[in-house]
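A.B. asks: Can you keep this structure in mind? I'll have questions shortly.
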Amino acid sequence: MCLAVPGKIISIDNSNSELRMAKINFGGIIKEACIQWLDDVTIGDYVIVHAGFALNKIATEEAEETIRILNEMGDLLDKEDSKEN
Amino acid sequence: MKFVDEYRDIKSVKVLSKQIEEIVTRPWSIMEICGGQTHTILKYGIEELLPKQITLLHGPGCPVCVTPLEQIDKAIAIASRSGVIFTSFGDMLRVPGSKDDLLSMKANGSDVRMVYSPLDAVKIAEENKDKKVVFFAVGFETTAPVNAISVVEAKRRGLKNFSILCSHVLVPPAIEALLSSEDCMIQGFLAAGHVCTVMGYEQYIPLAEKYRTPIVVTGFEPVDILQGILMSVKQLEEGRFEVENQYNRVVTKSGNQSAKKVLDTVFDTIDRKWRGIGTIPKSGYALKKSFQDFDSEKIFDVGTIEQNESPLCIAGEVLKGTKKPNECSAFGVLCKPEIPLGAPMVSTEGACAAYFHYGKNKSLNANSEIRV
Ligand code: SF4
């Protein structure tokens, strides 16, 4: 129910100033969503969408940093595993 | 898909489960509040990746499950009237009322339509001025502002034929109800990431302090859940009880101000009944007086409907985390997703349904589900 999905903004339609809309790419599927609640989004930004509304922008750098650290630790773990075997 | 696939990566999953194993010294019980997280936990067999000392308790965070039976009956009573178009998110359509569900109403000729967004329901109202269009407004704080804006939009467009059947519930009062109950076994909470995307996590700080319980705002993918558990265990082992934010790629401390403003404009906080739990003070939303013309319960006088739950159902204990679904005598025998006896079996995000779908206590092979 509270599922929200990350997608990338590919175009923005400001024609209705009360309900600004955007076309968003969810891994190849394009859907419309309202971006009224996000002031500073532009094309190329990633947002998290629920029931047709973008709830927040995704902090790309923080997200990528977390994953990078986990990946490095995973590599170390793999090396240890192969030593043990 | 970016920001999804990398959070299902088996290597990262292994790193996190190893870290949890390294720091845990004694038993801890942690509750994930959100049904979406329960679903991930069962689907990916997360419990099998944890040391034995850690018990995951599955919380009441599935709005579909906790919507009282009488509210479903009200929806069905409204949908059965002529001249009504009844709209809802898909997951409410299959939930059985005491006699029927909305989907079978549709098969029997009622105009019941599934919508992806409540704005679609507003559009239907605009295109069908001779009909009364009702939207079944369920959900936590994630969905509430989206549903609220449908009412604002209907008002702005001067629509007289749109209303919502308002059944919203709120997370922090439920956490407080659980923590203050005498038989509470919960030592740490994973808070629901998407609820906090809207509301932020400020509200949880007094709760963590008052009940000396760590609360970690957590996302929905396997890596998120394991990292949330790691952060909770770390706090428990160190004797800390703080609010921490695992889901910081999306959640900020104060949340989305514009969405919160819409909530304040449209809703009042009221006491609400939760299916399987009972009434929790200040745990729901009702439309404010200024939006009364959009309140389905005022427009369609459906009266009060009282419904009793099956005496076999131990949903109250399951939702509080004191019993697991498979400890219920009806589980999988008299109670199945097609014929649910109680709240947690009605949607795939309910704990009983998640257990049923993914095999009770079945040891899932993480590799088959998580991207390698
Ligand atoms: S299995 Fe069914 S009857 Fe038992 S607690 Fe769950 S919902 Fe209730």
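The values are calculated or read from the model by the stated rules, or taken from the named source; none is laboratory data. In this text, all values refer to a predicted model and were calculated from it rather than measured experimentally. Positions of Cβ are generated from backbone atoms using ideal geometry, with glycine treated the same way; all protein chains shown enter the neighbour counts.
A.B. asks: Pull up the range B:79-118, narrow it to residues that are among the charged types (D, E, K, R) and under 19 Å from residue B:36 (Cβ atoms), then point me to the one that is nearest to the other protein chains (Cβ to nearest Cβ).
C.D. replies: The extreme case among them is B:91.
A.B. asks: Scan the range B:60-78 for residues that are within 14 Å of another protein chain (Cβ to nearest Cβ) and surrounded by fewer than 21 Cβ atoms within 10 Å (Cβ to Cβ) and report the count.
C.D. replies: Looking only at that region, the number is 0.
A.B. asks: In the range B:336-350, how many residues are out of contact with any Pro (no Cβ under 6 Å at 6 or more places or on another chain), in a loop (DSSP other than H, G, I, E, B) and more than 7 Å from the ligand (Cβ to nearest atom)?
C.D. replies: Going through the range B:336-350 one residue at a time, the tally reaches 5.
A.B. asks: Given the criterion within 16 Å of the ligand (Cβ to nearest atom) and closer than 20 Å to residue B:34 by Cβ, identify the matching residue among B:318, B:251, B:243, B:333.
C.D. replies: B:318
A.B. asks: Just give me the residues in the range B:11-59 being closer than 15 Å to residue B:355 by Cβ and within 14 Å of chain A (Cβ to nearest Cβ), in sequence order.
C.D. replies: B:32, B:35, B:37, B:38, B:39, B:40, B:43, B:59
A.B. asks: Are there any pairs, at least 6 apart or on different chains, whose C-beta atoms fall under 8 Å, with the first in the range B:288-300 and without any contact (Cβ under 8 Å) to a residue 60 or more places away in the chain and the second crowded, with 18+ Cβ neighbours inside 10 Å and hydrophobic (A, V, I, L, M, F, W, C), and if so, which?
C.D. replies: These pairs meet every condition: B:288/B:266; B:288/B:267.
A.B. asks: Filter the range B:136-175 down to the residues that are closer than 27 Å to residue B:216 by Cα, in a loop (DSSP other than H, G, I, E, B) and aliphatic (A, V, I, L, M) and list them by number.
C.D. replies: Scanning the range B:136-175 gives B:138, B:170.
A.B. asks: Working only within the range B:297-315, note down all residues that are within 16 Å of the ligand (Cβ to nearest atom) and among the small types (Gly, Ala, Ser).
C.D. replies: B:310, B:315
A.B. asks: Look through B:152, B:195 and report the one residue that is of a type in the set (Val, Ile, Thr) and surrounded by fewer than 24 Cβ atoms within 10 Å (Cβ to Cβ).
C.D. replies: Of the residues listed, the single one that is of a type in the set (Val, Ile, Thr) and surrounded by fewer than 24 Cβ atoms within 10 Å (Cβ to Cβ) is B:152.
A.B. asks: Additional query: Please tell me if residue B:229 is crowded, with 24+ Cβ neighbours inside 10 Å, away from chain A (no Cβ under 11 Å) and either at pLDDT 95 or above or within 15 Å of the chain's Cα centre (by Cα) (or both).
C.D. replies: In short, yes.
A.B. asks: Taking the range B:177-198 as the region of interest, how many residues are under 25 Å from residue B:221 (Cα atoms) and polar (S, T, N, Q)?
C.D. replies: 2
A.B. asks: Taking the stated definitions as given, is residue B:271 away from the ligand (no atom under 16 Å from the Cβ) and in contact with a Ser or Thr (Cβ under 7 Å, 6 or more places away or on another chain)?
C.D. replies: yes
A.B. asks: If you don't mind, another one. Restricting the search to the range B:181-222, which residues are part of a helix (DSSP H, G or I) and under 19 Å from residue A:54 (Cβ atoms)?
C.D. replies: B:193, B:194, B:195, B:196, B:197, B:198, B:199
A.B. asks: Let me ask something additional. Checking residue B:216 against (1) more than 14 Å from chain A (Cβ to nearest Cβ); (2) farther than 19 Å from residue A:63 by Cα, which test does it fail?
C.D. replies: The number of the failed condition is (2).
A.B. asks: Now for a separate question. I'm checking my understanding of the structure. Among residues of the range B:129-142 that are in contact with a strand residue (DSSP E or B) (Cβ under 7 Å, 6 or more places away or on another chain) and of a type outside the set (A, V, I, L, M, F, W, C), which one is nearest to the other protein chains (Cβ to nearest Cβ)?
C.D. replies: Here the answer is B:142.
A.B. asks: Is it fair to say residue B:209 is without any contact (Cβ under 8 Å) to a residue 24 or more places away in the chain and either surrounded by 24 or more Cβ atoms within 10 Å (Cβ to Cβ) or farther than 13 Å from residue B:34 by Cα (or both)?
C.D. replies: Taking the combined requirement at face value, the residue does not satisfy it.
A.B. asks: Which ones in the range B:321-330 are over 17 Å from residue B:39 (Cβ atoms) and either within 9 Å of the ligand (Cβ to nearest atom) or modelled with pLDDT of 90 or more (or both)?
C.D. replies: Scanning the range B:321-330 gives B:323, B:327, B:328, B:329, B:330.
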